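Chemist: Before I ask anything, here is the structure I am working with.
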Amino acid sequence: ACRNVLVTGCSSGIGLAVAVRLAKDELKRFRVVATMRDLDRRGGLEQAAGNALNNTLEIKEMDVRSEESIRECVSSIPQRQVDVLVNNAGVGMIGPLECQSIGSMQSLFDTNFFGLARVVKEVLPDMKRRQSGHIVVMSSVMGIQGLLFNDVYSASKFAVEGFCESLAVQAMKFNVKMSLIEPGPVITEFENKIYEDAANMDLSDTDEETAKIFKQIYLPYSKAIFTALGQTPQDIAEHTLKVITSDSPPFRHQTNKLYTPLTALKQADPSGRLPLDAFYKITFQHNRVLNASLALLRLLHRRSRKEPKPEKPA
Ligand code: NAD
């Protein structure tokens, strides 16, 4: 049977790649409703969708900050039938906490957390009534493990994880599945936007030492990590397809094997010291550790490129 998949945030990055991948499924298992906040930005998606456009892929407007916009979009789908929701829309934020206004933090939560809550509130009752459905949520490894200068972004993804972990049990009772996809670094506009903002960031509200740590240690290190470990949006789309088509979908799915050891530190030590110490050492202890870890990342990156591609599902 052909399933209706609603994807949010499809004008770029992971959302665009997921929408296109599902719409071009060789077995034609999906009808994709690819949504975006601003339809003027549909060009990239239209181009990537090619023949699938208005065939297995339809573009609709949805701003996840507005309940009205969400309701209008869902109600325009025949029988309001959403079999799979891919909640992907999200925004990023990096930098010293002192440089961020409470307003900008609230606005990030409005999209990353309340956006999810709004969309789920709109589709879950129908899924429960039909006793079927799958809610797939683009979280992040930062939903499991915090990262320096990502305080607010990470908090929003922790909120997403707690929300889904709590809701998943109720959903299960109604045969509705939930899955969190947890990518590590992915090379998209998201990353570019973040670095652009960071380069132009007014750091006068923080002290000199913090500004220096951010600009001279964090930013170069983080860029190196993206280069060494970064996945493509298409990689994440393949993982998403696997999760959606799995007979028994995982509740959590990390997409990047190279990042997994860092998240495993947390599970290895209930006191929470191990990941803190490890991240502290990597960041501050001395350049030797930093350089050694960068060299290791580059090596792993070269190796991962030689790895065969994940096999396509039958
Ligand atoms: P992106 O900026 O290319 O895509 C985000 C999309 O969300 C954009 O199309 C944007 O227009 C849309 N969006 C923002 N606010 C919206 C709103 N109010 N309503 C509807 N759409 C809205 O970045 P991406 O990397 O593709 O990010 C997609 C998701 O993946 C996000 O939830 C992000 O947190 C998550 N993620 C990204 C990375 C990464 O390294 N890029 C890593 C882990 C998780």
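Chemist: For segment 88-166, evaluate the Debye formula with one uniform point scatterer on each Cα (no solvent term) and list log10 I(q)/I(0) at q = 0.12, 0.15, 0.27 Å⁻¹, rounded to two decimals.
Modeler: These q points yield log10 I(q)/I(0) values of -0.37, -0.55, -1.31.
Chemist: Hey, what number do you get for the chain at 222 nm if only DSSP H runs of n ≥ 4 count, each worth -39500 (n - 2.57), divided across all residues, to the nearest 500? Write out the running numbers ahead of the final one.
Modeler: On the way: 13 runs with 155 residues, N = 314.
It lands at -15500 deg cm²/dmol.
Chemist: Please work out the C-alpha center-to-center distance from segment 37-69 to segment 199-235 and express it in whole Å.
Modeler: Their Cα centres are 31 Å away from one another.
Chemist: Gap in Å between the Cα centre of segment 76-105 and the Cα centre of segment 131-158?
Modeler: A separation of 10 Å, based on Cα centres.
Chemist: Select from Lys193, Lys157, Lys177 the residue whose mean-square fluctuation is largest in a Gaussian network model of the chain (Cα-Cα springs shorter than 10 Å).
Modeler: The residue with the greatest mean-square fluctuation here is Lys193.
Chemist: Under a GNM of the chain (C-alpha, springs under 10 Å), which listed residue has the highest mean-square fluctuation: Cys164, Cys73, Cys99?
Modeler: Cys99
Chemist: Now for a different question. List the chymotrypsin sites (Phe, Trp or Tyr not before Pro) within segment 211-264 that DSSP assigns to loop and that have no more than 15 neighbouring Cβ atoms inside 10 Å.
Modeler: Passing both the DSSP loop test and the Cβ count: Phe251.
Chemist: Ratio of segment 1-140's C-alpha Rg to 2.2 N^0.38 Å, to two decimals? Before the final figure, lay out the partial values.
Modeler: On the way: Rg = 15.4 Å, N = 140, 2.2 N^0.38 = 14.4 Å.
Normalised Rg, Cα atoms only: 1.07.
Chemist: Beyond a 21 Å Cα-Cα separation, which of these cross-linked pairs lie in this structure: Lys157/Lys281; Lys193/Lys281; Lys223/Lys257; Lys215/Lys281; Lys193/Lys223?
Modeler: Values: Lys157/Lys281 24 Å; Lys193/Lys281 28 Å; Lys223/Lys257 19 Å; Lys215/Lys281 18 Å; Lys193/Lys223 13 Å.
Cα-Cα > 21 Å for Lys157/Lys281; Lys193/Lys281; rest within.
Chemist: Quick one: plug the Kirkwood hydrodynamic radius of segment 180-266 (C-alpha pairs) into Stokes-Einstein at 10 °C, 1.306 mPa s, and report D in µm²/s.
Modeler: Here the translational diffusion coefficient equals 105 µm²/s.
Chemist: Checking a compactness column here: for the chain, what do you get for Rg(Cα) / (2.2 N^0.38 Å), N being the number of residues?
Modeler: 1.01
Chemist: Calculate one ³J(HN,Hα) per residue across segment 223-233 by plugging θ = phi - 60° into the Karplus curve 6.51 cos²θ - 1.76 cosθ + 1.60, and present them in order as whole Hz with x for glycine and proline.
Modeler: Rounded to whole hertz, the list is 5, 5, 5, 4, 5, 6, 10, x, 9, 9, x.
Chemist: Enumerate the amide H contacts of Arg3 below 5 Å, restricted to partners 5 or more residues apart or on another chain; note that Pro and chain-start residues carry no placed amide H.
Modeler: Correct list: Phe30, Arg31.
Chemist: Among Gln267, Pro250, His239, flag the residue with its Cα farthest along the positive direction of the charge dipole of segment 221-274, charges on Cβ as +1 for Lys/Arg and -1 for Asp/Glu.
Modeler: Gln267
Chemist: Run the paramagnetic zone check for Arg130: 7 angstrom along Cα to Cβ, then residues of segment 53-67 with backbone nitrogen under 20 Å.
Modeler: 54-62
Chemist: Here's something else I'd like to know. Amide H neighbours of Arg252 under 5 Å, at least 5 residues apart or on other chains, H built in the peptide plane: list them.
Modeler: Hits under the 5 Å cutoff: Leu180.
Chemist: Find how much the distance from Ser66 to Lys266 grows on full extension, using 0.36 nm per residue of separation minus their present alpha carbon separation; answer in nm with one decimal. Numbers along the way, then the final one.
Modeler: Working: separation 200, 0.36 × 200 = 72.00 nm, distance 3.57 nm.
Contour length minus the Cα-Cα distance gives 68.4 nm.
None of the figures in this text is laboratory data; all of them are computed from the coordinates on show. Just so you know, these numbers come straight off a predicted model, no measurement behind them. Glycine also receives a Cβ, built like all others from the backbone with ideal geometry; neighbour counts cover every protein chain displayed.
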